[in-house]
1. Being under 14 Å from Ile8 (Cβ atoms) and outside any strand (DSSP E or B) is the filter here; which residues of segment 20-36 pass it?
2. Does segment 37-57 contain any residue that is out of contact with any strand residue (DSSP E or B) (no Cβ under 8 Å at 6 or more places or on another chain), on the phi < 0 side of the Ramachandran plot, outside any helix (DSSP H, G or I) and at pLDDT 90 or above?
3. Which of the residues spanning segment 7-28 are touching a Leu at 6+ places or on another chain (Cβ under 9 Å) and among the polar types (S, T, N, Q)?
4. Looking only at segment 11-38, count how many residues are among the charged types (D, E, K, R) and under 25 Å from Lys1 (Cβ atoms).
5. Name, by its number, the condition in (1) touching a Cys at 6+ places or on another chain (Cβ under 9 Å); (2) over 25 Å from Ile181 (Cβ atoms) that does not hold for Lys131.
6. Which ones in segment 127-157 are within 22 Å of the chain's Cα centre (by Cα), of a type in the set (Val, Ile, Thr) and closer than 23 Å to Glu167 by Cα?
7. Return the residue satisfying two criteria in turn: it lies in segment 10-59 and is surrounded by 10 or more Cβ atoms within 10 Å (Cβ to Cβ) and touching a Pro at 6+ places or on another chain (Cβ under 8 Å), and of such residues it is nearest to Ile77 (Cα to Cα).
8. With the condition kept exactly as written, say whether any residue in segment 163-171 is modelled with pLDDT of 90 or more, in contact with a Lys or Arg (Cβ under 9 Å, 6 or more places away or on another chain) and among the charged types (D, E, K, R).
Amino acid sequence: KTKAGKVIPVRISAAHLRDSSGDYTGAVGYFQAYRPWKEEELRLQERLHQLENEIVKYYDLGAPIFQLWDGISISGIVGRLDVTRLERIRNHLIEHIKSIKTKVLLLDISAALITDSEAIKTFVKLVRTIKLIGAECFITGIYPEIAGEIEEYVTDTGSFRTFTTLEMSLEAALSSVGYKINELSK
């Protein structure tokens with residue numbers, strides 16, 4: 001037991017010391033911290049590391065991004081969004097936009113769940129960042145509840161291009177980069 005009262009389990013290895021005539025002269029001992037759970041602790045740390053790697057894969061799967069046409073990329077965000085995840089998604093999107101020179105990003109959040117005001121602020125920041133690096137961000141899938149909360153953090157709602165459907169945003173994106181859409185006659 002330490003002076004502070006903490007109990008530290010130890011292993012003791014001791015032996016008696018005797019002189020040449022066999023008389024007891026003393027003892028020698030060795031104390032070692034005893035941690036029978038150390039192997040289990042190491043195993044749990046390894047499992048924690050594996051789970052952290054799985055979480056990173058989950059985050060990447062929850063916001064895949066790919067190029068549709070020259071200048072147009074799409075990302076569908078899936079799952080619960082918190083500040084940390086949105087920042088990771090933002091970095092991933094910015095890297096993609098810069099690497100392939102995306103002009104328009106279609107961002108579908110219909111399968112995303114944004115639950116707190118800090119996450120909504122971070123989402124607004126994500127959209128503004130995309131615009132500041134030179135790409136337009138067309139958003140689809142905003143639920144009315146989230147739209148009301150987003151409005152509180154956006155001074156210029158005209159900077160947010162939102163669409164009811166993904167098809168509508170795709171049509172606007174194609175038009176924005178110079179493609180013309182013609183209907184085929186039957």
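The values are calculated or read from the model by the stated rules, or taken from the named source; none is laboratory data. Keep in mind the model is a prediction, meaning the values are calculated, not measured. A quick note on method: Cβ atoms are made from the backbone with ideal geometry, for glycine too, and the neighbour counts reach across all protein chains shown.
1. Hits for segment 20-36 are Tyr34, Arg35, Pro36.
2. Checked against the condition, which is being out of contact with any strand residue (DSSP E or B) (no Cβ under 8 Å at 6 or more places or on another chain), on the phi < 0 side of the Ramachandran plot, outside any helix (DSSP H, G or I) and at pLDDT 90 or above, segment 37-57 yields no hits at all.
3. Listed by number, the list holds a single entry, Thr25.
4. So the answer is 3.
5. (2)
6. Across segment 127-157, the qualifying residues are Val127, Ile130, Ile139, Thr140, Ile142, Ile146, Ile150.
7. This residue is Arg35.
8. no
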